[in-house]
1. Of the residues Lys88, Lys111, only one is more than 27 Å from Glu142 (Cα to Cα), in a helix (DSSP H, G or I) and at pLDDT 80 or above; which?
2. Out of the residues in the range 54-85 that are out of contact with any helix residue (DSSP H, G or I) (no Cβ under 6 Å at 6 or more places or on another chain), of a type in the set (D, E, K, R) and surrounded by 10 or more Cβ atoms within 10 Å (Cβ to Cβ), state the one that is farthest from Ser102 (Cα to Cα).
3. Just to be sure before I move on: is Thr124 among the β-branched types (Val, Ile, Thr), within 19 Å of Trp136 (Cα to Cα) and without any contact (Cβ under 8 Å) to a residue 12 or more places away in the chain in the structure I sent?
4. Of the residues Ile148, Ile122, Ile162, which is of a type in the set (Val, Ile, Thr) and either in a helix (DSSP H, G or I) or touching a Cys at 6+ places or on another chain (Cβ under 6 Å) (or both)?
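The values are calculated or read from the model by the stated rules, or taken from the named source; none is laboratory data. Please read these numbers as outputs of a predicted model, since none were measured by experiment. As a convention, Cβ positions derive from the backbone with ideal geometry for all residues, glycine included, and neighbour counts pool all protein chains shown.
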Amino acid sequence: MNAAARRQDQSVSKDADREYEMEKENELDELDSDFIDTEDENCIDGQELERQKKSKRKRKPENIHWAREKTKRNGMEGKDYLGYSRSKTGQILHNSETQCRSLGPACSSMKCLKYKKRHCNIITHEERLSIFKKFWTDMSWEQKQIDICSKFDGKERNQKEICEVS
């Protein structure tokens with residue numbers, strides 16, 4: 001065997017030794033982490049450990065199909081739904097029918113015609129219909145809340161009402 005072949009064999013064996021040592025270190029690290037986890041579990045009482053295992057759910061509930069969730073979603077989307085009411089005896093009944101949201105007639109009051117800041121007569125029926133559909137079909141509940149809040153400025157009153165006691 002010549003010198004070059006010996007050096008190559010030695011370098012191959014050194015590489016194999018390094019890989020073997022790295023695998024051993026990884027296995028030791030995994031064993032250490034497993035050992036630490038089992039120590040923590042042993043500190044907990046056996047009953048408590050069983051209770052923790054029992055309380056875990058295997059899957060998340062699918063509340064999309066629940067009647068109460070369907071009712072809530074339909075109400076938020078402006079669709080007709082069967083609501084809930086409470087009887088005189090305290091039972092919860094699923095019987096109050098609510099119609100879907102619909103666009104009412106345009107404002108035609110004398111006050112709206114009198115005041116210039118109210119632009120009820122400027123908005124056409126098509127514009128009103130597009131705003132209505134956008135609000136009730138395209139927006140989520142959070143977007144609806146943000147939209148309504150953005151349209152109003154909160155101002156403090158100059159004078160509080162004084163109630164007279166009679």
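1. Exactly one residue qualifies, and that residue is Lys111.
2. Arg68
3. yes
4. Exactly one residue qualifies, and that residue is Ile148.
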